[in-house]
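The values are calculated or read from the model by the stated rules, or taken from the named source; none is laboratory data. Computed from a prediction, not measured in an experiment: that's the story for all the values here. For neighbour counting, all protein chains shown are included, and Cβ atoms are generated from backbone atoms with ideal geometry for every residue, glycine included. Note: areas computed on protein heavy atoms with side chains; ligands, DNA, RNA excluded. Shrake-Rupley method; radii C 1.70, N 1.55, O 1.52, S 1.80 Å.
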Amino acid sequence: MKIGVIGTGYVGMVTAVCLSDLGHDVIGTDIDKEKIDKASQGSCHIYEPGLEELLKKNLKNGTLSFSHALEDTIQASDVLFVCVNTPQREDGSADMCYVESTSRSIAENLNKYKLVVEKSTVPVQTSMWIKRTISLYKKGNGEFDVASNPEFLREGTAVSDFMHPDRVIIGVETKKAEEMLVKIYKKFKDKVLVTNIDTAELIKHASNSFLAMKISFINLISDLCERTDADVELVAKGMGLDPRIGKRFLRAGLGYGGSCFPKDVRALIKIGEDLGADLSLLKEVDRINTDRIQSFLGKIKKALWIVKDKKIAVLGLAFKPETDDTRNAPSINLIKELQSQEALLRLYDPKAMDNMRIHFPEDPPKIIYTQNLLDAVKEANALLIVTEWDEFKDLNLRKIKDMMANPILIDGRNVFDPDEVRSLGFEYYSIGRK
Ligand code: UDX
Ligand code: UDX
């Protein structure tokens, strides 16, 4: 089986590289020529631990290649993984225009049987539209099946998530499609769950929305902790010891960001509205998450009173550690607010500064990206922790305190121990703890 991967963004690149590492013959294509040129040279346009090494390895052993030509890729492939983006529209729904245009291209190049696999996160019932589109625009005699195989990759651990999955969801309509996908994933055969396509599509949206709900729930509880003597870290620990609840995704902080949770929660709300199902629980999940920034600004105001002309070091710009991705990062709305209040911002992130410059170009003295962490904190009136990179956890706080104009530390990710930090002389604020 020759596998084509259409769209080599975060999801597509990991999918292409990892499928080839499983021994399959894979070709990746993308409308972005630069991404394909770089990938063909063994260089990855995203930072994802372990990915570039595997890319190089599989290019070299010949199981992986990249092509600018969508038509050739479609014609050469037996299985096509559709990994194009499904961006959020104004009304919260997912914009399916790239999935539609990709389906039309597949239709026009249907030279033999093809299995078309949705990998991008799509609204339930998308497969019906893909099938209709391919049938409407079909040229040639090729037959086809559509299947859903949602991705559950977390950025930062995507390669390991792919290679050690908790589950491989395969949504199919025909035995042939099932057999082909089971064969592709034979290494993970005891993790495979076969369902119909609507179910597979919904498993993805329901999973992400549930995890987002867990995060909003603990953030809600953190508000209560701040008004009492409770400590949200211990509340989460105590709750998590119950295996029915589980300890993961109960970290209170600045809320969830990234290319999936915010978008998927809103998309599911919209799907519910369109299909007449009441999913208003998810509207609260979204609202609680959005409110995190205002609540954090409240802490900044409490510490600084007036933000105007204060030097504020912002550590962490990526939406989470171990990635350079800034899509829907909480840092964006935070920086926008601080910018509107005329703060003098010193921004630092180990990997995401280039991506952040697209949102906020360098604009001294209002916005300065610093080469290293220490330059950001020098003479700062306050230090904000926005993403919990390990580099920040290991900070030499004694040194930092001496470098700052005012030793004020506002920790949006509960990285530090309050007693320890205060004993060094910092004024310390965190989330859901005294
Ligand atoms: C992901 C998944 O598609 C989606 O499931 C998830 O909800 C978030 O977005 P991701 O890989 O993170 O996509 O997006 P992106 O990095 O934007 O990659 C999409 C790629 O598809 C881009 O490289 C883009 O150039 C390419 N593309 C887009 C095509 O090749 N053809 C198109 O018609 C449109
Ligand atoms: C998520 C899903 O986990 C993955 O299965 C899906 O395929 C894509 O979306 P990702 O967006 O890469 O992955 O990151 P994830 O680790 O899930 O974190 C999402 C956001 O939630 C981050 O902003 C993170 O900081 C935040 N988060 C996570 C919390 O605020 N608290 C937590 O306890 C966990």
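If you take the residues in the range 114-133 that are away from ligand 1 (no atom under 15 Å from the Cβ) and in a helix (DSSP H, G or I), which one is farthest from residue 191 (Cα to Cα)? The qualifying residue farthest from residue 191 (Cα to Cα) is 132. Residues of the range 251-272 that are open to solvent by 20 Å² or more (accessible area, probe 1.4 Å), within 13 Å of ligand 2 (Cβ to nearest atom) and part of a helix (DSSP H, G or I): 261, 263. Of the candidates 387, 326, the single residue that is buried (at least 20 other Cβ atoms within 10 Å of the Cβ), within 29 Å of residue 217 (Cβ to Cβ), outside the structural domain of residue 214 (by TED's automatic domain parsing) and in contact with a Pro (Cβ under 7 Å, 6 or more places away or on another chain) is 387. Counting the residues of the range 169-217 that are open to solvent by less than 20 Å² (accessible area, probe 1.4 Å), of a type in the set (A, V, I, L, M) and within 16 Å of ligand 1 (Cβ to nearest atom) gives 4. Please work out if residue 242 is at negative phi and part of a loop (DSSP other than H, G, I, E, B). Answer is yes for this residue. Would you pick out the residues in the range 245-267 that are over 24 Å from residue 277 (Cβ atoms) and near ligand 1 (Cβ under 10 Å from one of its atoms)? Of everything in the range 245-267, those that are over 24 Å from residue 277 (Cβ atoms) and near ligand 1 (Cβ under 10 Å from one of its atoms) turn out to be 258, 259.
For (1) of a type outside the set (Asp, Glu); (2) out of contact with any strand residue (DSSP E or B) (no Cβ under 8 Å at 6 or more places or on another chain); (3) within 16 Å of ligand 2 (Cβ to nearest atom), each residue gets a yes or a no:
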| site | (1), (2), (3) |
| --- | --- |
| 366 | yes, no, no |
| 384 | yes, no, yes |
| 389 | yes, no, yes |
| 398 | yes, yes, no |
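Within the set 32, 37, 21, the sole residue that is within 20 Å of residue 327 (Cα to Cα) and more than 16 Å from ligand 2 (Cβ to nearest atom) turns out to be 32.
In summary, residue 220 fulfils each of the numbered conditions (1) in a helix (DSSP H, G or I); (2) open to solvent by less than 70 Å² (accessible area, probe 1.4 Å) with the single exception of condition (2).
Give the residue that is most open to solvent (accessible area, probe 1.4 Å), with candidates limited to residues of the range 41-94 that are part of a strand (DSSP E or B) and at pLDDT 95 or above. First the steps, then the outcome.
Looking only at the range 41-94, we keep the residues that are part of a strand (DSSP E or B), and these are 64-67, 79-82, 88, 94.
Checking which are at pLDDT 95 or above leaves us with 64-67, 79-82.
Values: 64: 7, 65: 44, 66: 29, 67: 24, 79: 0, 80: 0, 81: 0, 82: 10 Å².
Restricting to residues being part of a strand (DSSP E or B) and at pLDDT 95 or above, the top hit is 65.
Among the residues making up the range 1-30, those that are in contact with a strand residue (DSSP E or B) (Cβ under 9 Å, 6 or more places away or on another chain), within 16 Å of ligand 1 (Cβ to nearest atom) and either part of a loop (DSSP other than H, G, I, E, B) or among the acidic types (Asp, Glu) (or both) are 7, 8, 30. Of the helices (runs of 4 or more DSSP H) entirely within the range 316-389, those holding at least 3 residues that are under 25 Å from residue 305 (Cα atoms) and at pLDDT 95 or above occupy 330-340, 373-377. Output the residue which, of all residues in the range 139-155 that are over 22 Å from residue 209 (Cβ atoms) and open to solvent by 70 Å² or more (accessible area, probe 1.4 Å), is farthest from ligand 2 (Cβ to nearest atom). Here the answer is 141.
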